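Report on one structure; see the data block that follows.
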Amino acid sequence: MCGIVGYIGHRSANEVLISGLRKLEYRGYDSAGVATIPDIDGSDRSLHRVRAKGKLSQLEEKLKADTAPTAPIGIGHTRWATHGKPEEHNAHPHTNTTGNLAVVQNGIVENYHLLRIELKEQGHIFVSETDTEVIPHMIAEYLTQLAHLGNVIPERSPSVLFEAVRLTVEKLQGAYAIAVIHADYPDELIVVRQQAPLVIGIGKDENFCASDTPALVAYTRTVIPLENGEIARITKDAVQVFNAKGDRLRRAPQTLNWNPTMVEKQGFKHYMLKEIYEQPGVFRAGLARYISEANHVQLGLPAGFIDSIERVEILACGTSWHASLIGKYLLEQVAGIPTTVQYASEYRYSPPPSLNNTLVIGVTQSGETADTLAALELAKSRGDRCLGITNRTESSIARVADAIIDTQAGIEIGVAATKTFIAQLLIFYLLALDFAARGKLTEVQIQEFIEGLRQLPAYMERILEGQERYIEDLSRLFTHTKDFIFLGRGINFPIALEGALKLKEISYIHAEGYPAGEMKHGPIALLDEDVPVVAIATPGAVYEKVLSNSQEAKARDAKLIGVAPIDDLAAHEVFDHILPIPIVDEIFSPVLTVIPLQLLSYHVAAHRGLDVDQPRNLAKSVTVE
């Protein structure tokens, strides 16, 4: 969840660190800081640290007033508070007692309390409430021990600092990524990965590290993603990767197919709005990638991967969980495969009975969601076949799952997922078709289904081109609203949940999603003229029922907003406002109904003057349980 950036080379480290941290703001944070080793002639070097509570702009203001010399090496961090309040003294980087060693961390050190007691007894002084602060003190302790031994280290260790870090991480329990610099070792940067993402960027006479690749693409597209348990020593000329025992590893760099413009706003006010508008293109790209010229689904799964599967369990969190609920509907109704969907955070503590021929699917945009990875690892340990659906194939889920499907959405910066949700839906449509090809659907039916999918991007564009101004004006009515209710039935019930989640995430308005038929079983007690109700009413098996449920809300004076066909007279009689969508087969409707709800949430939040792309307390990549 936190952001890490490190640099060593010929540039100003602060400029690289701030630039990189800017690209990681989407991960969510409440404070920031940098530590550098200024380029001073002679051996009297010192570590220089600047930290600030709040946004990066606060840190930048402090750096502008800073008079320290330019530094060619440094580490930076954006912190999302876990241990200790979001105050400057808890901000990273953290140092040892003498202040010549600095550490940044993403993750949690689970045994920090016991380590802290032990270090205090050895004379170390702590100044924060964080778990991270034990790390620099432990490294300092090992450096002292090695100095007493005459800095004798194993032949395989490349440096004293490396060995002290390696010995330290042997004692740490938890999931973390760390970066370390030391004023007495100004020519090296040590990084470690243990179940939290960390990638190294390779340049010419300079090298980088970061929690995520957007921080690097402005400088390099050649990267080495670290695997769990790996430690790297980075200098300006070389990168050496080792395992936890200190054995040297051979790691070939990868080339990213990204460019810097992919992480720019390109004229949009917010990344979220840009990404909403990218959805038709994402859907087309997914179809082009996974539908062959012969109009057959080709997801790139190993031969026979789903042939013996009799049931599916899907594990996910947040928006991915909503996509998975639609996936359940598709797998059961299109392919006839019994399917369950579980919150990944609950699966490990109440796993279902283990049954033969079960496919477990982990759905995670980032590929680093800690709860989903842990749940998928449990499923794999029970002998289940595991599939990952992710937008980041280089991420940790690739290590856990037996096979991966890339959603092809491209980098998503806005914390509130939009285009990655649409991309996940497409994968579930195609996966359901792949299962259905085993005999549930005829070839003619499959071709008709694919043709229905091909028509959706144009309909999505019609909604975006025709509705945004209207929705922007409508959203002004709700800038001071305190509660919303979203209703849906059948395949659009998960869209009601997703619409409510989007509004909560970015506008901080309390919102609930319900099956429309359940409203009279409790939520109707909340309704009055101050509680708007958004109902998803698309032609199909439950259309009239949703209209009837909406009438019940109207009778309680609630303002009614309908996501419905614009030319339907019945809808006009029921709803006060209509967010129109084209008429498609009901099974395809979620791809269209979600777009007006994304726009509604976006414009309500924008009118309220909120930080749409970086909502408070949230992070794009949730790497802690």
Cβ-based exposure ranking for Trp321, Trp80, in which fewest neighbours within 10 Å come first: Trp80, Trp321
Relative exposure of Thr36, Thr407, judged by other C-beta atoms within 10 Å (fewest first): Thr407, Thr36
Distance violations [Cα-Cα > 29 Å] among Lys55/Lys559; Lys245/Lys380; Lys55/Lys380; Lys23/Lys236; Lys269/Lys545: Lys55/Lys559; Lys55/Lys380; Lys269/Lys545
For the chain, calculated [θ]222 nm from helices alone, where every DSSP H run of n ≥ 4 adds -39500 (n - 2.57): -11000 deg cm²/dmol
R0 of 30 Å, Cβ-Cβ distance Val444-Ser308: FRET efficiency to nearest 0.05: 0.70
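Does the stretch 460-625 come out rounded, prolate or oblate, given a ≥ b ≥ c as the square roots of the eigenvalues of its C-alpha gyration tensor, rounded meaning a/c under 1.5 and, failing that, prolate meaning a/b above b/c?
rounded
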Peptide ranges 220-227, 302-309 listed from the most packed, as the mean C-beta count within 10 angstrom indicates: 220-227, 302-309
Extension gain from Glu15 to Lys55, taking 0.36 nm per residue of separation minus the Cα-Cα distance: 12.8 nm
Straight-distance crosslink candidates among lysines, where the alpha carbon sits under 26 Å from Lys120 and sequence neighbours closer than 8 are dropped: Lys85, Lys171
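Every number in this text was worked out from the coordinates using simple rules, so none of it is lab data. Just so you know, these numbers come straight off a predicted model, no measurement behind them. Every residue, glycine as well, gets a Cβ built from its backbone with ideal geometry; the counts of neighbours run over all protein chains shown.
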